[in-house]
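Note sheet for the following structure.
What follows draws every value from the coordinates through simple rules; no lab data is involved. What you see is a predicted model, and the numbers here were worked out from it, not measured in a lab. Neighbour counts are summed over all protein chains in view; Cβ atoms, including those assigned to glycine, are modelled from backbone coordinates with ideal geometry.
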Amino acid sequence: MNKADFYIGIDKYSKWIGSLLSHGDPVYDLSNILLATNSIFYEELVIEMLQADLYGVIAEDGWPHLWQDSQMTDYSYHLFNGKVWCSMMGGQLFDPLVIISGEDLIAAEKYAPRVEVKYPFMLAPFILPTELVETFCGAVK
């Protein structure tokens, strides 16, 4: 069950579009999304796929993971400089189309941009004890 997150951009200001909670590996049928070259078309394709998939979560549904960003997600897909790139667990970007064609990860990383992927913080802020109000059931905000 490989999870995947989809973004426009590769920095902490990237736009998270949504996530797949299963079948996020590039070898699954993501090829039409991976061929996208502009952000509007990419976002439309991703949302359409997520809404049709039993394991899809769109941004309006909220962050689906227990971790704070995509560094713990199996795959993250990023539209960056007119191409969709992929990262495994927050690592080096690679070309997912090269993986689909049967090449290994070393070949897929060969022509990828050598930039550090930074993710936006996705968890809701924690409630500090000073912000809690005591009630008869315990502490609630």
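As a proxy for reagent exposure, 94, 121, 6, 41 were ordered by neighbouring Cβ count within 10 angstrom, fewest first; the result is 121, 41, 94, 6. Calculated [222 nm] ellipticity per residue, helices only, for the chain: -5000 deg cm²/dmol; basis is -39500 (n - 2.57) per DSSP H run with n ≥ 4, divided by all residues, nearest 500. Only Cα pairs under 8 Å and 6+ residues apart enter the sum, and on that basis the relative contact order of the chain stands at 25 percent.
Would you mind working out the magnitude of the charge dipole of the chain relative to its Cα centre, with +1 at each Lys and Arg C-beta and -1 at each Asp and Glu C-beta, to the nearest 20 Debye?
Working: 8 positive and 19 negative charges, 72 e Å.
The calculation lands at about 340 debye.
Extension gain, residue 52 to residue 115, is 19.4 nm, computed as 0.36 nm per intervening residue step minus the present C-alpha separation.
Across every pair of different alpha-carbon atoms, what Kirkwood hydrodynamic radius in Å does segment 60-126 reach? Present the calculation step by step, with values, prior to reporting the outcome.
On the way: mean 1/r = 0.0770 Å⁻¹.
Value: 13.0 Å, from the Cα pair sum.
Using DSSP, restrict attention to beta bridges with both residues in the chain and report what percent are antiparallel, rounded to the nearest 5.
Working: 19 of 24 bridges.
Of the beta bridges lying entirely in the chain, close to 80 percent run antiparallel.
Which of the peptides 17-23, 63-69 is most tightly packed, and how do the rest follow, going by the mean number of other Cβ atoms within 10 Å of each residue?
Details: 17-23: 21.1, 63-69: 14.9.
Put in order of decreasing packing, that is 17-23, 63-69.
The angle separating the long axis of helix 39-52 from the principal Cα axis of greatest extent in the chain is about 70 degrees.
Taking the centroid of alpha carbons for each part, segment 1-51 and segment 57-73 are 13 Å apart. Here, P(r) means the percent of Cα pairs in each 5 Å bin from 0 to the largest distance; for segment 1-119 it is 2, 13, 25, 28, 21, 9, 2, 0.
The loop-placed trypsin sites (Lys or Arg not before Pro) in segment 1-84, going by DSSP, that have at most 12 neighbouring Cβ atoms within 10 Å of their Cβ come out as 12.
Compute the distribution of all C-alpha to C-alpha distances in segment 14-70, in bins of 10 Å from 0, and list the percent of pairs in each, rounded to whole numbers. Going out from 0 Å in 10 Å bins, segment 14-70 shows 22, 57, 21, 0 percent.
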